[in-house]
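Read-outs: derived from the displayed coordinates by stated rules, not from any lab. It should be emphasised that the depicted structure is a prediction, and the values quoted were computed from it without experimental measurement. Every residue, glycine among them, receives a Cβ derived from its backbone with ideal geometry; neighbour counts consider all protein chains shown.
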Amino acid sequence: MHILITGGAGFLGSHLCERLISQGHDVRCVDNFITGRPENIAHLLGHERFSFVKYNVCDYLHVDGPLDAILHFASPASPQDYLELPIATLKVGALGTHKALGLAKAKGARFLLASTSEVYGDPLVNPQPESYWGNVNPLSPRGVYDEAKRFAEAMTMAYHRYHGLDTRIVRIFNTFGPRMRPKDGRVVSNFIVQALQGKALTVFGNGLQTRSFCYVDDLIRGIIGLLMIDSDKTVAQRTDRSGFLSSPAEPVSETIHDPVNIGNPRELTVMDIAQLVLKLTGSSSPIQNNPLPVDDPKVRRPDIRRARTLLGWEPTVSLEDGLEKTIDYFRNVARAE
Ligand code: UDP
């Protein structure tokens, strides 16, 4: 397949580029390096099935030649980044998604949107199934990311319903692994870097808020599974264009175009993660309690029944094994600096 990945030099985008190239696909990567990094794709430059263009996907997007699929992964995605880049975050979720969808329509390409568990906001339901509408404060500092992705989902569904575009939406839960930026501000990267440097681990609030962490290889496998699954698997279309059920008697059935949660359902507190990182690094760093960011979700855990039944997907890498690999990565990064 000819595949274009926006945000292809980011943490997840670069893993996607690498995996898809190794599966024999032709990959074009677009990134403006706002949060992506040249070093994430340096090893791919020169590969015969890889090409890169530095570009902001909020601008008119044109590529020559055929495209079979577009994966829209461009966006700041760590809370620290989207709080520092609120307008760029809203623009890439809105304008960037529109441009990427327009290109998919022009090329007749399949479109996969990288959405997020943040669409559930500070959830009142735990674990979160895809059917949960969420609890989002649009005015909060986090609202820029949550609402950008909610808009992106709405736009994607509109292109599917109105233009008949073959679309997929993955809701990505907390993910970690090699190629996270040491200073991206996320909890796993922060704790590992702090532990390796003998600095205090910065636990925000009392550390009793929960998250569920997926190792990057598991996540990438789930995303590619969703991208590749045949549209034939689609259950009867839910509504007609105007949004009415095609027949009042017809059951509302989910389709492959509806969102799919991908994440690891093992839930633990932030304090548990701090203790685990200290244990696995052998560090004696102290723990320091910092203020909790505004509207920090109190719980988060994916309900992955849909991914299981639709894709036969299941995470396989344990948190401990994933952390060991990530700690090795950060040790090597530190050594190289
Ligand atoms: N967190 C923390 N210390 C840090 C960074 C994050 O305690 O140095 C907390 C943060 O408040 C949140 C959780 O860890 O409750 C996960 O934060 P992250 O930024 O990784 O992503 P989020 O799940 O909030 O999108």
Item to complete: Output the residue which, of all residues in the range 195-222 that are over 19 Å from the mean Cα position of the chain (by Cα) and buried (at least 22 other Cβ atoms within 10 Å of the Cβ), is farthest from the ligand (Cβ to nearest atom).
Response: Ala195
Discussion item. So in the range 44-57, with the set limited to residues that are assigned to a strand (DSSP E or B) and touching a helix residue (DSSP H, G or I) at 6+ places or on another chain (Cβ under 7 Å), which one is surrounded by the most Cβ atoms within 10 Å (Cβ to Cβ)?
Written reply: Phe50
Item to complete: Scan the range 113-127 and give yes if some residue there is surrounded by fewer than 18 Cβ atoms within 10 Å (Cβ to Cβ) and polar (S, T, N, Q), otherwise no.
Response: yes
Fill in: Check on Ser189, part of a loop (DSSP other than H, G, I, E, B) and either within 12 Å of the ligand (Cβ to nearest atom) or surrounded by fewer than 23 Cβ atoms within 10 Å (Cβ to Cβ) (or both)
no
Worksheet item: Going through the range 126-146 one residue at a time, which ones are among the aliphatic types (A, V, I, L, M) and assigned to a loop (DSSP other than H, G, I, E, B)?
Response: Val136, Leu139
Worksheet item: In the range 143-186, what residues are under 15 Å from the mean Cα position of the chain (by Cα), crowded, with 23+ Cβ neighbours inside 10 Å and polar (S, T, N, Q)?
Response: Thr175
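Conditions (1) within 12 Å of Thr156 (Cβ to Cβ); (2) buried (at least 17 other Cβ atoms within 10 Å of the Cβ); (3) basic (Lys, Arg), marked per residue:
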| site | (1), (2), (3) |
| --- | --- |
| Leu90 | no, yes, no |
| Lys99 | no, yes, yes |
| Lys105 | yes, no, yes |
| Arg110 | yes, yes, yes |
| Pro129 | no, no, no |
| Leu139 | no, no, no |
Worksheet, complete the sentence: Of the residues in the range 104-125 that are within 14 Å of the ligand (Cβ to nearest atom) and in a loop (DSSP other than H, G, I, E, B), the one that is farthest from Asp146 (Cα to Cα) is Pro123
Worksheet entry | Matching residues, the range 10-36, being in contact with a strand residue (DSSP E or B) (Cβ under 9 Å, 6 or more places away or on another chain), under 21 Å from Asp184 (Cβ atoms) and touching a residue at least 60 places away in the same chain (Cβ under 8 Å) | Gly10, Phe11, Leu12, Gly13, Ser14, Leu16
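Every residue, every condition in (1) outside any helix (DSSP H, G or I); (2) surrounded by fewer than 20 Cβ atoms within 10 Å (Cβ to Cβ); (3) of a type in the set (Asp, Glu); (4) in contact with a Phe, Trp or Tyr (Cβ under 9 Å, 6 or more places away or on another chain), yes or no:
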{"position": "Gly8", "(1), (2), (3), (4)": "yes, no, no, yes"}
{"position": "Leu16", "(1), (2), (3), (4)": "no, no, no, yes"}
{"position": "Val27", "(1), (2), (3), (4)": "yes, no, no, yes"}
{"position": "Gly36", "(1), (2), (3), (4)": "yes, no, no, yes"}
{"position": "Glu39", "(1), (2), (3), (4)": "no, yes, yes, no"}
{"position": "Ala42", "(1), (2), (3), (4)": "no, yes, no, no"}
{"position": "Asp59", "(1), (2), (3), (4)": "yes, yes, yes, no"}
Worksheet item: Restricting attention to the range 174-186, does a residue exist that is among the small types (Gly, Ala, Ser) and under 29 Å from Ser231 (Cβ atoms)?
Response: no
Worksheet item: Across the range 24-80, what is the total count of residues that are within 16 Å of the ligand (Cβ to nearest atom) and farther than 23 Å from Leu165 by Cβ?
Response: 6
Worksheet entry | Subset of the range 296-310 (residues that are surrounded by 14 or more Cβ atoms within 10 Å (Cβ to Cβ), more than 11 Å from Ser117 (Cα to Cα), basic (Lys, Arg) and more than 10 Å from the ligand (Cβ to nearest atom)) | Arg306
Item to complete: Looking only at the range 126-151, count how many residues are within 16 Å of Gln80 (Cα to Cα) and among the acidic types (Asp, Glu).
Response: 1
Worksheet item: Taking the range 61-89, which residues are assigned to a loop (DSSP other than H, G, I, E, B), of a type outside the set (A, V, I, L, M, F, W, C) and either farther than 23 Å from Arg142 by Cβ or in contact with a helix residue (DSSP H, G or I) (Cβ under 6 Å, 6 or more places away or on another chain) (or both)?
Response: His62, Asp64, Gly65, Pro66, Asp68, Ser75, Pro76
